[in-house]
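The values are calculated or read from the model by the stated rules, or taken from the named source; none is laboratory data. From a predicted model like this one, the values you see are computed outputs, not experimental measurements. Here the Cβ positions follow ideal geometry from the backbone for every residue, glycine too, while neighbour counts run over all protein chains shown.
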Amino acid sequence: MLISREMVLQQDIGLNATLFGGGMMARMDKAAGICAGLVSHNRVFVTLKVSELFFHSPVRAGEIIEFYATVTRAGNTSITVQLEVRVYSPVSNARRDVTSGEFVMVATDDNSHPEPILWKPAMLKEAAAETAAEVKPRRRKSK
Ligand SMILES: CC(C)(COP(=O)(O)OP(=O)(O)OC[C@H]1O[C@@H](n2cnc3c(N)ncnc32)[C@H](O)[C@@H]1OP(=O)(O)O)[C@@H](O)C(=O)NCCC(=O)NCCS
């Protein structure tokens, strides 16, 4: 499911004229949190684990980035979200994969302890249907 779109500004650019990787990670973390919030009634999610973060292609100032999320595991207190980030060109209507990663988010209570997730089944179903209709996530080339 498409979570958000953002414009990359000059201020987001690192030393090598492309988007600073840490900035991309922060944006992905936020998108994973939004995804968790959309499919549940819980108030707070914290990031437990990030894995397989992979920067496929550099991003430059002026480009529009899109954050797509797929729920790959709906647990008791945790949700695993696969994030795919793409650059969208309104001129050519084309997309290119730029970054992907897996985020495990845990729902927490007021004492910062894990709490059961109160799923919104309809939202989960809708998200799965949207994901199936979207561009297929890119997989890492085997070496
Ligand atoms: C997130 C946190 C509350 C989890 O507490 P915990 O006592 O370790 O949690 P639990 O062992 O009960 O596990 C919670 C969930 O995480 C899952 N989990 C634990 N370790 C895991 C791992 N290595 N990989 C994947 N999932 C894992 C558990 O399976 C469980 O999910 P489930 O209920 O859906 O099965 C705690 O580790 C924490 O506060 N971490 C810091 C979070 C943070 O500050 N993040 C950065 C800023 S947002």
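If you check Ile13, Ile34, Ile3, which single one turns out to be without any contact (Cβ under 8 Å) to a residue 40 or more places away in the chain and within 22 Å of Val59 (Cβ to Cβ)?
Details: Ile13 fails: without any contact (Cβ under 8 Å) to a residue 40 or more places away in the chain; Ile3 fails: without any contact (Cβ under 8 Å) to a residue 40 or more places away in the chain.
None of the others qualify; the one that does is Ile34.
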Checklist entry - Scanning for something within 16 Å of the ligand (Cβ to nearest atom) and modelled with pLDDT under 95, does the range 82-91 turn up at least one residue? => result no
Next on the checklist: Suppose we keep only residues that are in contact (Cβ under 8 Å) with a residue 40 or more places away in the chain and more than 13 Å from the ligand (Cβ to nearest atom) within the range 17-30. Which one would you say is surrounded by the most Cβ atoms within 10 Å (Cβ to Cβ)?
Outcome noted: Leu19
Checklist entry - Taking Val46, is it farther than 15 Å from Arg5 by Cβ, within 14 Å of the ligand (Cβ to nearest atom), under 15 Å from the mean Cα position of the chain (by Cα) and surrounded by fewer than 19 Cβ atoms within 10 Å (Cβ to Cβ)? => result yes
Checklist entry - Identify, please: which residue in the range 92-116 is more than 10 Å from the ligand (Cβ to nearest atom) and among the aliphatic types (A, V, I, L, M) and is, among those, surrounded by the most Cβ atoms within 10 Å (Cβ to Cβ)? => result Val98
Next on the checklist: Can you list residue pairs whose Cβ atoms sit under 6 Å apart, with the first residue in the range 60-80 being within 13 Å of Ser100 (Cα to Cα) and modelled with pLDDT of 95 or more and the second being in a strand (DSSP E or B) and within 16 Å of the ligand (Cβ to nearest atom)? Count only pairs 6 or more apart in sequence or on different chains.
Outcome noted: Ala69/Val81; Ala69/Leu83; Thr70/Gln82
